[in-house]
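Everything below concerns the one structure shown next.
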Amino acid sequence: MKLPYAEPYRIKAVEAIKPSTRRQREKWIKEAHYNLFNLASEHVFIDLLTDSGTGSMTDNQWAAIMTGDESYAGAKSYYALKETIQKIFGFEYFIPTHQGRAAENVLFSALVKEGDIVPGNSHFDTTKGHIESRKATAIDCTIDAAKDTQLEIPFKGEVDVEKLRAVFERYPKERIPFCVLTITNNSAGGQPVSMKNIRETSELCHSYGIPLLLDSARFAENAYFIKKREAGYGSKTIKQITREMYSYADMMTMSAKKDGIVNMGGFIALNSKEVFEVAKRFCISYEGFITYGGMAGRDMNALAVGLDENTEFEPLDARMRQVAYLGKLLDRYGVPYQRPAGGHAIFIDAKKCLPNVPKEHFAAQTLAIELYLEAGIRGCEIGSILADRDPVTRENRYSDLELLRLAIPRRVYTDNHMAVIAAAMKNVMARAKNITTGYRIVEEAPILRHFTVKLEKIEE
Ligand code: F0G
């Protein structure tokens, strides 16, 4: 008999989680103004809000925590991380920051000015926020295929090179500080970008004299998909693929809380000394001295180990198998999601699940609340609440896709948890046709509203 697959690790510490009753959850979600970010984590059974900062570290990472050097300047931990980043990505300069959006803040302070245009593939909300708060414009050049959730193609997160060329033709080079390629493409469903697309985007950018920035939160998962799906890469290592991906880029911002598998951390890495010199000054004002930039020495140590470990095939393979397993169960129950299963998450197609909920009622948020009520599972709306209002007209930007993201933390839940998630979705689907109303906004922030928005239920 062929032996079944098993994860290449065993578990050294566990944390208890508590189930609850539907009645309790009805009370808690109402008190949270129907915003899942407002729930106490104790009131959640399976937490799929994010895969960011929620992974389990390895024993080697915990050991590295104990030997962190907390010197204000020139800590050993800084040099350990610098060396690892140089080795993995090949960039000369690096600035640590406390997380990904801080890296964006520091780098964009140096590069983005009012009136600028920043094209890319589905900018993540903090990336878009940091562009728009500087009165610049993010232009989404993602391939149209990404919007068809049922279409199964291997690299659904790509940039449409012709759309990008049109942006470069329309605006002068001086107004385009860089192009941002997000790998994997989180907002389009954790979908990867092929090496070919990275290379072609890079060639196009450089032919117009525009630098290419890789938003790198899930770069290792992207490399895994290239290995698995792109011709010519099957026998290359994740580290070789990563080096090639970054050979086409000029700079990167990194939220280390995802593929670095640490609870907090981020960085900028780049080759331009000029940009590094300007960004350094913003780091000192916003984050801290340039050899710690918002991170404790122990955290830089754990990140150096995490980056090295998570650019090996085995941990990535275990993770992708788990996400794909959840996808397979959802297929069995007829739950529609962005196909194929993404790297870090399954994105359920809420418009298809809840066809009778009008767009003004926020279908993805409605589905997120239903799943919480069903089983205490916390997902995240990736739809029109997240999309914010148009910065000029202040109208709601109803997105083409209303998705409920079920992000899977790394090495945290077992396949039994996946089975509970799928069964809970099946139960929600059984009553979905009768759900005809959703929620309205009663309070919101002008930007990044989804974190703090307050909602009320629209009665039938
Ligand atoms: N870029 C991408 C592609 C991201 O997914 C995130 C964060 C960031 C940048 C910002 O990084 O959180 O460290 O400041 N994504 C998290 C998520 C929050 O849940 O997808 P951060």
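The values are calculated or read from the model by the stated rules, or taken from the named source; none is laboratory data. Quick caveat: nothing in here was measured; it's all calculated off a predicted structure. Please note: Cβ atoms are built from the backbone with ideal geometry, for glycine as well, and neighbour counts cover all protein chains shown. We work out accessible area using only protein heavy atoms, side chains counted, and drop any ligands, DNA or RNA first. Shrake-Rupley method; radii C 1.70, N 1.55, O 1.52, S 1.80 Å.
Sequence gap at least 6, Cα distance under 8 Å: using those rules, report the relative contact order of the chain to the nearest whole percent.
Value for the chain: 23 percent.
For the pairs Lys87/Lys236; Lys27/Lys258; Lys328/Lys426; Lys352/Lys426; Lys163/Lys227; Lys76/Lys280, flag any whose C-alpha to C-alpha distance is greater than 21 Å.
Flagged as over cut-off: Lys27/Lys258; Lys163/Lys227.
How charged is the neighbourhood of His344? Take every other residue with its Cβ under 10 Å from the Cβ of His344, and add Lys/Arg as +1 and Asp/Glu as -1.
Summing Lys and Arg as +1 and Asp and Glu as -1 gives +2.
For Leu3 and Arg397, FRET efficiency with R0 = 51 Å and r from the beta-carbon atoms, rounded to 0.05?
With a Förster radius of 51 Å, E is 0.55.
Suppose R0 equals 35 Å. What FRET efficiency, 1/(1 + (r/R0)^6) with r the Cβ-Cβ distance, do Ala63 and Val278 give to the nearest 0.05?
Result of the calculation: an efficiency of 0.40.
At q = 0.21, 0.25 Å⁻¹, what is the log10 ratio I(q)/I(0) for segment 325-372, with the Debye formula run over Cα points and no solvent?
-0.75, -0.96
Could you work out the Kirkwood radius for segment 59-309, taking every pair of different alpha carbons, averaging 1/r and inverting it, reported in Å?
Hydrodynamic radius (Kirkwood, Cα only) of segment 59-309 equals 18.1 Å.
How far, in nm, would the chain grow between Lys454 and Thr21 when pulled straight, counting 0.36 nm per residue and subtracting the alpha carbon separation?
Additional length available on full extension: 153.5 nm.
Quick check: pseudo-label points 7 Å beyond the Cα along Cα→Cβ at Tyr286 and Lys328, how many nm apart are they?
4.3 nm
Could you tell me the calculated FRET efficiency between Lys135 and Lys76, based on Cβ-Cβ distance and R0 = 45 angstrom, to the nearest 0.05?
The pair Lys135/Lys76 has a calculated efficiency of 0.60.
Averaged per residue, what accessible surface does the chain expose to a 1.4 Å probe, in Å²?
On a per-residue basis, the chain sits at 42 Å².
Averaged across orientations, what area in nm² does the convex hull of the alpha carbons in segment 252-396 project?
Mean shadow area of the hull around the Cα atoms is 13.0 nm².
Hey, what does the equivalent ellipsoid look like for segment 153-253, semi-axes from the Cα gyration tensor as sqrt of 5 times each eigenvalue, largest first, whole Å?
Sorted largest first and rounded, they come to 24, 13, 12 Å.
Can you bin every Cα-Cα distance in the chain into 20 Å intervals starting at zero and give me the percent of pairs per bin, rounded to whole numbers?
Bin by bin from 0 Å, the calculated values are 25, 59, 16, 0.
Can you give the relative contact order of segment 1-148 as a percent, counting alpha carbon pairs under 8 Å and 6+ residues apart?
Worked out over segment 1-148, it gives 12 percent.
Please list Arg431, Arg410, Arg101 from largest to smallest accessible area, probe radius 1.4 Å, with all protein chains kept in place.
Arg101, Arg431, Arg410
Based on the Cα gyration tensor of segment 208-298, what are the three equivalent ellipsoid semi-axes, each the root of five times an eigenvalue, rounded to whole Å and given largest first?
Gyration-tensor ellipsoid for segment 208-298: 28, 18, 9 Å.
Using only the Cα atoms of segment 40-121, what do you get for the radius of gyration and for Dmax, in Å?
17.5, 48
Which value, to two decimals, describes the C-alpha radius of gyration of segment 352-460 once divided by 2.2 N^0.38 Å?
1.12
Just to confirm my numbers, what's the Cα centroid distance between segment 59-116 and segment 389-437 in Å?
The distance from the Cα centre of segment 59-116 to that of segment 389-437 comes to 33 Å.
Pop out the carbon and sulfur fraction of the accessible area of segment 238-356 as a percent, whole number, probe 1.4 Å.
50 percent
Where does each of Glu230, Glu314 land when they are ordered by accessible area, with a 1.4 Å probe and the largest first?
Glu314, Glu230
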